[in-house]
Amino acid sequence: MSSAIDAGVVADTASSTKELRNLYYGRFAFAVIWAVLVMLTASTLNPASIALLVIYPLFDVAAAVIDFRSSGTTRPRAPLYLNMALSLLTAVGLAVAITSGIPSVLRVWGAWAITAGIVQLIVALLRYRLGGQWAMILSGGISVLAGSSFILMAGSPKASVSGISGYAVLGGIFFLISAIRLHRLAVKAK
């Protein structure tokens, strides 16, 4: 009986790792495409940049839902729920902040980057045994620092949302690194 349970856990972990890896590849692709579009449109708050700003945290909600549904036994429930709530609140907060201008947008984005970074750190630490999570740990820490810089940048007379695109690309690169590491670990396990 124990070996059947152990085999089920191993199969569930392998499936979760594959789905997590695919999710990370998707998050990388989205981040790069999104960042390019932001760089092209974010010189001012216009309909395109506004839509992009609100879409990013909504994509994060969708990714957290996919993560939650596919993670099986490796799923850290409470932090993923918290991430979903934070990202949804951020989308609403950005929609409101946009009416006040770029400094308000940067403050909301910065607060989200800080809180989401802390949650990402927690999730990565809880998943550390899966492997490939050191990049997510670094990404969470850097997100906290970047969020603080966005809040400080909001006070600048030349405040701009274009810097957010670099944040997204860096986060995407960390997702790519984790996806590659998870892939390599899966190949070694076979």
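The values are calculated or read from the model by the stated rules, or taken from the named source; none is laboratory data. It should be emphasised that the depicted structure is a prediction, and the values quoted were computed from it without experimental measurement. Neighbour counts are summed over all protein chains in view; Cβ atoms, including those assigned to glycine, are modelled from backbone coordinates with ideal geometry. We work out accessible area using only protein heavy atoms, side chains counted, and drop any ligands, DNA or RNA first. Shrake-Rupley method; radii C 1.70, N 1.55, O 1.52, S 1.80 Å.
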Practice task
Taking just the C-alpha trace of the chain, give me its Rg and Dmax in Å.
Solution key: 17.6, 67
Practice task
Rank-order 80-89, 163-172 by packing density, defined as the average count of other C-beta atoms within 10 Å over each peptide's residues, highest first.
Solution key: 163-172, 80-89
Practice task
State the extension gain, in nm to one decimal, for the chain segment bounded by L152 and T99, taking 0.36 nm per residue of separation less the distance between their alpha-carbons.
Solution key: 17.1 nm
Completion exercise
Taking the chain and counting helices only, DSSP H stretches of n ≥ 4 at -39,500 (n - 2.57) each over all residues, the nearest-500 ellipticity at 222 nm comes to -29500 deg cm²/dmol
Fill in the blank from the handout: Using alpha-carbon positions, the gyration tensor of the stretch 54-152 gives root eigenvalues a ≥ b ≥ c; with a/c under 1.5 called rounded, otherwise prolate if a/b exceeds b/c, else oblate, the class is oblate
Practice task
Run the accessible area of the chain with a 1.4 Å probe and give the carbon-and-sulfur part as a rounded percent.
Solution key: 72
Completion exercise
With every protein chain kept in place and a 1.4 Å probe, the stretch 18-81 has an accessible area per residue in Å² of 48
Problem - Degrees separating the helix 134-153 axis from the principal Cα axis of the chain, which is the longest one - result: 10
Handout entry: Relative counts (whole %) of C-alpha pair distances in the stretch 35-94, using bins that are 5 Å wide
Key = 4, 19, 22, 18, 14, 11, 7, 4, 1
Practice task
Can you tell me the 0 to 90 degree angle between the C-alpha axis of helix 47-70 and the longest principal axis of the chain, rounded to 10?
Solution key: 20
Completion exercise
Expected vector for the stretch 27-40, Karplus 3J(HN,Hα) from phi with 6.51, -1.76, 1.60 and θ = phi - 60°, integer Hz, x for Gly and Pro, equals 5, 4, 4, 4, 4, 5, 4, 4, 4, 4, 5, 5, 4, 7
Problem - Estimated FRET transfer efficiency (S162, L125; beta-carbon r; R0 30 Å; 0.05) - result: 0.40
